[in-house]
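This report concerns only the one structure given below.
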Amino acid sequence: SDDIIAGNVSKYIVLPAGYCGQPKKGHLIFDACFESGNLGRVDHVTEFEYDLFIRPDTCNPRFRVWFNFTVENVKESQ
């Protein structure tokens, strides 16, 4: 869908559907809350697959030609 993404994710922990409890190693933490960050939404698909939604450029909303965000809490071979 063409949902409007208003802001950046900020230390967003992505947990599998139905998971309860504290995040474990491998539950990725996405962050784009810094200058030039543009990650607006993250959806968990599988342990190794995520759908990432990039916000459009502020000065040119028609294009999404770059991305800038960080990922933490990865486990080996993920």
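Given H placed on each backbone N at 1.01 Å, which residues far from ASN38 in sequence or on other chains put an amide H within less than 5 Å of it?
Those qualifying (amide H under 5 Å, at least 5 residues apart or on another chain) are ASN68.
Accessible area per residue, 1.4 Å probe, Å², for the chain: what's the number?
Values: 5690 Å² over 78 residues.
Here the residues of the chain average 73 Å² of exposed surface.
For the chain, with all protein chains present and a 1.4 Å probe, just round the carbon and sulfur fraction of the accessible area to a whole percent.
Reported share for carbon and sulfur atoms: 53 percent.
Note down the magnitude of the dipole of region 1-77 about its Cα centre, charges +1 on Lys and Arg C-beta and -1 on Asp and Glu C-beta and zero elsewhere, to the nearest 20 debye.
Numbers: 8 positive and 11 negative charges, 27 e Å.
For this selection, approximately 120 debye.
Using a 1.4 Å probe on the protein heavy atoms only, what accessible surface does SER36 show? Give it in Å² to the nearest 10.
60
Can you tell me what percent of all Cα-Cα pairs in region 1-77 are more than 18 Å apart?
In whole percent, the long-distance tail amounts to 43.
What does the charge add up to near ASN38, with Lys and Arg as +1, Asp and Glu as -1, over the other residues with Cβ less than 10 Å from its Cβ?
After counting each charged neighbour, the total is +1.
Taking the Cβ of VAL9 as the centre, find all other residues whose Cβ is under 13 Å away and add up their charges (Lys, Arg: +1; Asp, Glu: -1).
-1
Normalising by the residue count of the chain, find the relative contact order in percent from Cα pairs under 8 Å and 6+ residues apart. Present the calculation step by step, with values, prior to reporting the outcome.
On the way: 134 pairs, mean separation 25.1, N = 78.
The value is 32 percent.
Please list 21-27, 67-73 highest first by mean number of surrounding beta-carbon atoms within 10 Å per residue.
Ranking the peptides 21-27, 67-73 by packing returns 67-73, 21-27.
The values are calculated or read from the model by the stated rules, or taken from the named source; none is laboratory data. Please read these numbers as outputs of a predicted model, since none were measured by experiment. Quick reminder, even Gly has a Cβ in these numbers, built from the backbone with ideal geometry, and neighbours come from all protein chains shown. For accessibility, only protein heavy atoms count, side chains too; no ligands or nucleic acids. Shrake-Rupley method; radii C 1.70, N 1.55, O 1.52, S 1.80 Å.
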